[in-house]
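Encoded as structure tokens, the structure appears first; notes follow it.
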Ligand code: MRU
């Protein structure tokens, strides 16, 4: 995808610097910052602090971080594998990417080539998802609601939920995207709005709680979201608030689609209740960040709450999902869904 006329990926290998390079998603949309490192600990911290985020981008960052370990400290391989596996618990792409790197390490392949093969596979998958999703969305209508950020920032390139929208736009279709703010971290307000603006796609931001009334008013033709882990039966873990949207979509007869590469599937997980849900710090709810009138980034407290519950994800039961769109095509879990 292009940023200020330059083709960039959310995370990549910088061959000249022999370093991992990524877009600092915590700085967006106020500042555009590219970070470079040859230190795997910095990559692991970037995942933990959500400087890189979104399931496929997390997996790609871990693959590249492990390429650094393999190049510079191969004797510490096992320790670093565990370090990366502990960074975030829900997005299964991370676990698959670490297993992919481990198999390459055992087979004595080239570290960077092995990591880049993971990235290329993901990017090709997202491009194919875009083609399948565009066909479904074109039939549903052009007013599309999305939650969180499942664009190219979250998915190395192209995006998952947004890939179909980018594809339709490239084909000259008029699309309008309703962007849910996505409390508490505001991935919709901060990142999806920024991405759609870069691509010149019409969009409107709304608070998460506005989705029900918007659907009732007949203003939404389809809902499309990404995923962090898909269980064997088709239950989907995604950003907190996704389940609520699926219930609402069903109540209003609106198609609810999930777009994700097969690297987001967890065959070891029989159903959604077995998916580990990350609980995050209470500061994410109690503090907000923004820029003041001088453009200086400020963090301010908005709540004194002592007890805060902050799950980062929820699980949408397969029965509420009209289609899961992967690079392999369309899966309709609600027709065969167990539980
Ligand atoms: O906590 P985040 O911002 O990493 O959560 C991201 C999401 O929930 C996305 O919807 C998901 O990873 C799919 S991204 C292509």
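The values are calculated or read from the model by the stated rules, or taken from the named source; none is laboratory data. Computed from a predicted model, the values in this text were never measured in an experiment. Positions of Cβ are backbone-derived with ideal geometry, glycine not excepted, and every protein chain shown enters the neighbour counts.
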Candidates 272, 234, filtered to the one that is surrounded by 21 or more Cβ atoms within 10 Å (Cβ to Cβ), farther than 24 Å from residue 50 by Cα and in contact with a strand residue (DSSP E or B) (Cβ under 9 Å, 6 or more places away or on another chain)
234
Subset of the stretch 194-221 that is at pLDDT 95 or above and within 16 Å of the ligand (Cβ to nearest atom) - its residue that is nearest to residue 278 (Cα to Cα):
208
Evaluate the stretch 243-260: report whether one residue or more is touching a helix residue (DSSP H, G or I) at 6+ places or on another chain (Cβ under 6 Å), in contact (Cβ under 8 Å) with a residue 12 or more places away in the chain and surrounded by fewer than 19 Cβ atoms within 10 Å (Cβ to Cβ).
yes
Hey, residue 76 at pLDDT 95 or above, in contact with a helix residue (DSSP H, G or I) (Cβ under 7 Å, 6 or more places away or on another chain) and loosely packed, with under 14 Cβ neighbours inside 10 Å or not
yes
Before we move on, is residue 25 within 15 Å of the ligand (Cβ to nearest atom) and touching a helix residue (DSSP H, G or I) at 6+ places or on another chain (Cβ under 9 Å)?
yes
When you scan the stretch 65-72, do you find a residue that is closer than 23 Å to residue 266 by Cβ and either touching a helix residue (DSSP H, G or I) at 6+ places or on another chain (Cβ under 8 Å) or at pLDDT 95 or above (or both), even just one?
yes
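Restricting to the stretch 280-316, what's the tally of residues that are under 19 Å from the mean Cα position of the chain (by Cα) and either more than 26 Å from residue 88 (Cα to Cα) or surrounded by 14 or more Cβ atoms within 10 Å (Cβ to Cβ) (or both)? Please lay out each step first, then the result.
Filtering the stretch 280-316 down to residues under 19 Å from the mean Cα position of the chain (by Cα) leaves 280, 284, 310-316.
Within this subset, residues satisfying the condition of being either more than 26 Å from residue 88 (Cα to Cα) or surrounded by 14 or more Cβ atoms within 10 Å (Cβ to Cβ) (or both) are 280, 284, 310, 312-316.
Total meeting the criteria: 8.
Looking at the stretch 159-176, which of its residues are surrounded by fewer than 24 Cβ atoms within 10 Å (Cβ to Cβ) and in contact with a strand residue (DSSP E or B) (Cβ under 7 Å, 6 or more places away or on another chain)?
Step one: filter the stretch 159-176 for residues surrounded by fewer than 24 Cβ atoms within 10 Å (Cβ to Cβ), giving 167-176.
Correct list: 175, 176.
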Which of (1) more than 24 Å from residue 245 (Cα to Cα); (2) surrounded by fewer than 24 Cβ atoms within 10 Å (Cβ to Cβ); (3) within 16 Å of the ligand (Cβ to nearest atom) does residue 84 not meet, given it meets every other one?
(2)
